[in-house]
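Reviewing the structure listed below.
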Amino acid sequence: MARFDHEAAERRWQKAWDDAESFRANDSSAKPKAYVLEMFPYPSGRVHIGHVRNYTMGDVLARMRRAQGFEVLHPMGWDSFGMPAENAAMERGIHPGGWTRANIATMRAQLKRLGFALDWSRELSTCEPDYYGQEQALFLDLLAAGLVYRKESAVNWDPVDMTVLANEQVIDGRGWRSGALVERRKLSQWFLRITDFAEDLLAGLGTLNAWPDKVRLMQENWIGKSQGLQFTFQLDGTVPQGAAGHFDVFTTRPDTLFGASFAAIAADHPLAQALAANNPVLAAFVEECRAGGTSAADIETQDKKGFDTGLSVIHPLDQTVRLPVFIANFVLMDYGTGAIFGCPGHDQRDLDFARKYQLPVTRVVAPAGEENAAIQDEAYVGPGLLCHSAWLDGMTVDAGKAAVIGRAEADGWGKGVTQFRLRDWGVSRQRYWGTPIPVIHCNDCGALPVPRASLPIMLPEDVTFDVPGNPLDRHPTWKHVDCPSCGKPARRETDTLDTFVNSSWYFIRFASAPGDRPFDPVVAAQWLPVGQYIGGVEHAILHLLYARFWTRALQHIGMLDVAEPFAGLFTQGMVTQRTAFKRNKKTNNIVWVATNNVSSNNAGWSVESDTKRRVSLGRVEKMSKSKKNVIDPDDMLGRYGADALRWFMLSDSPPERDLAWSEAGIDGAARFIQRVWRLAETEAGGPADSQPDSDDKALRLLHRIIAAVTSDIDRLQFNKAVARLYELVSALERAPAGAGRRAGVIGLVQMVAPMAPHLAEEAWATLGQPGMVCDATWPLADPALLIEDTVTIAIQVNGKLKDSMEAAKGMDKSAIEAMALGRDKVVRALAAQPIRKIIVVPDRLVNLVV
RNA sequence: GCGGACGUGGCGAAACCGGUAGCCGCAGCGGACUUAAAAUCCGCUUUCCAUUGGAAGUGCGGGUUCGAGUCCCGCCGUCCGCACCA
């Protein structure tokens, strides 16, 4: 009996699928359509084991849907613009395009070796003009519809390299290359009006039943709808030069207004700017607030710092009260109005600030009887009644909110508003390797859209990365154009689009990709929304929210009649691997050792395989090049074959959880492949056509497993489907030869086919079945074969298991009770105590309470 | 700092609606086949006490219930996201 030869089978069947165009999606098919999509990869170099896991999951679903009679769209492409290509260009002096396209070629070959059922005819790459040119057209459509605008916004600025940095390039507040302290700097940038859709995006979450609850919750919190009061503080006394005499604040807690002890504004607030102009000390403080990165984590973990401006504002509910105005580093210009009132008693951040600057702390909300309990180290944010609040005393928090909003509106100093945490989407990037923003700046006519006829605006190829800054900006000719309106010399926009724009509509282009338009709305709508979208949970907010927005924006301007792009979403876990390290003898610094160069010696110690020197084992973490714990799929493909690798990716760990790579695990997968193959070979010469008896054990088990596996794959619980298939294999290995076993093996091969397709095709042919298994109809479980006539009933005494018994299914309560009371073990456990209560759950258990 | 999740044997895990905790795999132990090895097959494998059998057990501490891995409250730990990484 020959072992399964994975190399020969992979070659044979990959060619057979290609020749038959088995996985090409037909737009005009009459079958029901199923769109299965995995998040397309960034072509970073080589296929990562995490990609293999992601695409294997999608492939199993796509193949099963096809077998179930759907017309399946399962495409692949490349999210090929982005910063790593520019980094590679700077480090190695090569062109980002050359680097990217070489990576794509490598990775395409790797994916093909894995035997995915992909429609390669629809492959796209976002860095090619046929894609980004159409994206520019969409940008112009959104611009024309008023969904795009320009405003000033902060970026991370490296003062030594003279360049804008991404958040990930800021490490502990310093530029990653130069090590210089990063500053926040303002630039004029393009924004998309995602906030116009805040309410729709929030409401739409309610329709996404096939999304994980946690992702919906994360998006809900991200959008951050809150109701509150926006009101105006009037400055008391002389108004500083160049400033208004008042400023607006937003609060979600207008009920606590009597507890206010200060007001605070952002360092970038116009009032702060005006004051800084004439006050060098304050100007220095404002400058200090600008140091450090722009990310939320950077800003909010800074020490709370304030600067007393010496100004004060009049309390709107009590004209006799004055509140000092501070400039504070934790107040953000981007959220609300860039100014707050501080109520230390009921907001922890305000309390910390008040303690630091010795400001009064007043309790204005209290549970009954605690009105005079002083606030200590913790702000009180619980429920209660208002106190120390004049005419609000005794009201609930909610009633107080409504009362203050009512008074503000009646008196004209404020109004109730709905506020969103969501900010407009800044899409300008000061980088080369991205979609050029199709706009021309003219000194006389302003910022104008590029004429449609001149699309695509191509990226120039002749650029260098030997000097810092954006190569588009310093290119000798590229940016110089004539104004499309007045004809005078003008300049192109040299910023490119955020790569999240590229990934906000690629799934539409997969469904329909005409040469002269971004997509055909009728063809695209046939496939959309994507039935099942699969990718990493790290995309739970940004990518998924931007794609939802983009789709709604297209719907809003009448280009596509689809509201939500992804009907079903699944977020998969990472593939992790143990790390290993040794220490540098002089510095004691950690030196990572490649995991694939670590083995155990005779004494059971971990050593470097080549030098035999001892190493320490680190923790199991996400694979990364820097920690040298990356497993290359190509090695595994060569040693174990595509099917074993795919099988291991689906085994053991639930797909939403992290999967720890292990050599032993893939060994087990490879053994399973051989076991299935041996079963197929034992049936190779079997009868072509024979009917098993309906009470055949193998047949009954097969149908139970068909039902379980089908529903497991439906719910993407591949680890459970795998466990059931192991069970079937073990049973079939022991089953007597005959029609039942043969039927079992045929069914097994069909169910294994989505997971280990090469093995399944080879086995299918060996079994003498017609055609290819990828074209065979998915097996259906016969309900008549699933019915069992006996059940096992558990017997508990006081909720503790004492015995169990076999009984006919559907036996009535009193019969079960009588049967249970007659059992030896039960009699012993009861020890003649009187029974107070008996609970019987039919077909399940009896609980005797004494 | 804010937001989200997760925690069950030596390990990855399973457990429908609150109803017999640990399916399946890995590792381990014992055995068969073999001159030997590989491959394969059979058995055992939560912990503790024990002779039949019994007790404990799902991160920790409480609670609800006839009954809690599952529901509620409070801790502890780990991981993920935070708007210019993709």
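The values are calculated or read from the model by the stated rules, or taken from the named source; none is laboratory data. Remember, predicted model here, so these are calculated numbers, not experimental data. So basically every Cβ, Gly included, is an ideal-geometry build from the backbone, and we count neighbours across all protein chains shown. The area values use the complete protein model at the heavy-atom level, side chains included, leaving out ligands, DNA and RNA. Shrake-Rupley method; radii C 1.70, N 1.55, O 1.52, S 1.80 Å.
Filter segment A:47-73 for residues that are aliphatic (A, V, I, L, M) and either open to solvent by 10 Å² or more (accessible area, probe 1.4 Å) or part of a helix (DSSP H, G or I) (or both) and give the result.
A:I49, A:V52, A:M57, A:V60, A:L61, A:A62, A:M64, A:A67, A:V72
Which pairs have Cβ atoms under 8 Å, sit 6 or more apart or on different chains, and link a residue in segment A:165-188 that is under 19 Å from A:F285 (Cα atoms) to one that is charged (D, E, K, R) and not in a strand (DSSP E or B)?
Close Cβ pairs satisfying both conditions: A:G173/A:D298; A:E183/A:R290; A:R184/A:R290; A:R185/A:R290; A:K186/A:D268.
Give segment A:294-305 a look and list any residue that's outside any helix (DSSP H, G or I) and out of contact with any helix residue (DSSP H, G or I) (no Cβ under 6 Å at 6 or more places or on another chain), or say none.
Selection gives A:T294, A:Q302, A:D303, A:K305.
Tally time: how many residues in segment A:536-577 are free of Cβ contacts under 8 Å to residues at least 60 places away in the same chain, more than 18 Å from A:P75 (Cβ to Cβ) and either assigned to a strand (DSSP E or B) or touching a helix residue (DSSP H, G or I) at 6+ places or on another chain (Cβ under 6 Å) (or both)?
Number satisfying all stated conditions: 1.
Any residue in segment A:741-758 that is of a type in the set (K, R) and within 13 Å of RNA strand B (Cβ to nearest atom)?
Checked against the condition, which is being of a type in the set (K, R) and within 13 Å of RNA strand B (Cβ to nearest atom), segment A:741-758 yields no hits at all.
Can you tell me which residue in segment A:18-40 is nearest to A:A117 (Cα to Cα), limited to those that are under 32 Å from the mean Cα position of the chain (by Cα) and hydrophobic (A, V, I, L, M, F, W, C)?
A:F23
Just need a number here: residues in segment A:61-94 that are away from RNA strand B (no atom under 16 Å from the Cβ) and closer than 19 Å to A:T571 by Cα.
Number of matching residues: 4.
Can you report the number of residues in segment A:637-664 which are surrounded by fewer than 17 Cβ atoms within 10 Å (Cβ to Cβ) and either within 12 Å of RNA strand B (Cβ to nearest atom) or hydrophobic (A, V, I, L, M, F, W, C) (or both)?
Count: 8.
List the number of the failed condition for A:G336; all other conditions in (1) at pLDDT 80 or above; (2) closer than 20 Å to A:G228 by Cβ; (3) of a type outside the set (S, T, N, Q) hold.
Against the list (1) at pLDDT 80 or above; (2) closer than 20 Å to A:G228 by Cβ; (3) of a type outside the set (S, T, N, Q), A:G336 comes up short only on (1).
Out of (1) in contact (Cβ under 8 Å) with a residue 60 or more places away in the chain; (2) open to solvent by 60 Å² or more (accessible area, probe 1.4 Å), the odd one out for A:V155 is which?
So the condition that A:V155 fails would be (2).
For segment A:801-822, how many residues meet the condition of being polar (S, T, N, Q) and either away from RNA strand B (no atom under 13 Å from the Cβ) or outside any strand (DSSP E or B) (or both)?
Number satisfying all stated conditions: 1.
Restricted to segment A:673-698, and to residues that are polar (S, T, N, Q) and not in a loop (DSSP other than H, G, I, E, B), which residue is least open to solvent (accessible area, probe 1.4 Å)?
In this case the residue turns out to be A:Q674.
Given the criterion within 12 Å of RNA strand B (Cβ to nearest atom), out of contact with any Ser or Thr (no Cβ under 8 Å at 6 or more places or on another chain), among the polar types (S, T, N, Q) and modelled with pLDDT of 85 or more, identify the matching residue among A:T163, A:T195.
A:T195 is the lone residue from the list that is within 12 Å of RNA strand B (Cβ to nearest atom), out of contact with any Ser or Thr (no Cβ under 8 Å at 6 or more places or on another chain), among the polar types (S, T, N, Q) and modelled with pLDDT of 85 or more.
How many of the residues in segment A:823-848 are within 13 Å of RNA strand B (Cβ to nearest atom), over 49 Å from the mean Cα position of the chain (by Cα) and surrounded by fewer than 15 Cβ atoms within 10 Å (Cβ to Cβ)?
8
Would you tally the residues in segment A:1-13 being in contact with a helix residue (DSSP H, G or I) (Cβ under 7 Å, 6 or more places away or on another chain) and open to solvent by less than 100 Å² (accessible area, probe 1.4 Å)?
Residues flagged as in contact with a helix residue (DSSP H, G or I) (Cβ under 7 Å, 6 or more places away or on another chain) and open to solvent by less than 100 Å² (accessible area, probe 1.4 Å) within segment A:1-13 amount to 5.
Output yes when any residue across segment A:30-52 is touching a Ser or Thr at 6+ places or on another chain (Cβ under 7 Å), farther than 19 Å from A:T499 by Cβ and touching a residue at least 40 places away in the same chain (Cβ under 8 Å), and no when none is.
Looking through segment A:30-52, at least one residue is touching a Ser or Thr at 6+ places or on another chain (Cβ under 7 Å), farther than 19 Å from A:T499 by Cβ and touching a residue at least 40 places away in the same chain (Cβ under 8 Å).
Evaluate the following for A:E788: is it more than 9 Å from RNA strand B (Cβ to nearest atom), charged (D, E, K, R) and either open to solvent by 60 Å² or more (accessible area, probe 1.4 Å) or assigned to a loop (DSSP other than H, G, I, E, B) (or both)?
So A:E788 passes the test.
In segment A:421-449, how many residues are under 25 Å from A:A547 (Cβ atoms), away from RNA strand B (no atom under 16 Å from the Cβ) and in a loop (DSSP other than H, G, I, E, B)?
Total satisfying the criteria: 1.
For segment A:269-303, which positions are charged (D, E, K, R), over 28 Å from A:V361 (Cβ atoms) and within 16 Å of RNA strand B (Cβ to nearest atom)?
Within segment A:269-303, A:R290, A:D298 meet the criteria.
Given the options A:F353, A:F341, name the one that is among the aromatic types (F, W, Y), touching a Ser or Thr at 6+ places or on another chain (Cβ under 8 Å) and buried (at least 22 other Cβ atoms within 10 Å of the Cβ).
The conditions single out A:F341.
Which one of these is of a type outside the set (A, V, I, L, M, F, W, C) and open to solvent by 10 Å² or more (accessible area, probe 1.4 Å): A:T494, A:T571, A:T579, A:T551?
Just a single option satisfies the conditions, and that option is A:T494.
Among the residues of segment A:172-179, is there at least one that is more than 11 Å from RNA strand B (Cβ to nearest atom), outside any loop (DSSP other than H, G, I, E, B) and of a type in the set (D, E)?
Checked segment A:172-179: no residue is more than 11 Å from RNA strand B (Cβ to nearest atom), outside any loop (DSSP other than H, G, I, E, B) and of a type in the set (D, E).
Look at segment A:699-718 and say how many of its residues are more than 15 Å from A:L780 (Cα to Cα) and either surrounded by 16 or more Cβ atoms within 10 Å (Cβ to Cβ) or touching an Asp or Glu at 6+ places or on another chain (Cβ under 6 Å) (or both).
So the answer is 3.
Do we have A:Y533 as hydroxyl-bearing (S, T, Y), touching a residue at least 40 places away in the same chain (Cβ under 8 Å) and over 17 Å from A:Q136 (Cα atoms) here?
Taking the combined requirement at face value, the residue satisfies it.
So A:P316 ticks every box in (1) open to solvent by less than 70 Å² (accessible area, probe 1.4 Å); (2) modelled with pLDDT under 90 but one. Which box is left unticked?
Here A:P316 clears every test but (2).
Does A:F250 meet the test of being more than 16 Å from RNA strand B (Cβ to nearest atom) and open to solvent by less than 50 Å² (accessible area, probe 1.4 Å)?
no
Being away from RNA strand B (no atom under 16 Å from the Cβ) and farther than 22 Å from A:Q134 by Cβ is the filter here; which residues of segment A:513-548 pass it?
A:G531, A:Q532
Among the residues of segment A:162-180, which ones are at negative phi, more than 25 Å from the chain's Cα centre (by Cα) and surrounded by fewer than 18 Cβ atoms within 10 Å (Cβ to Cβ)?
A:W176, A:R177, A:S178, A:A180
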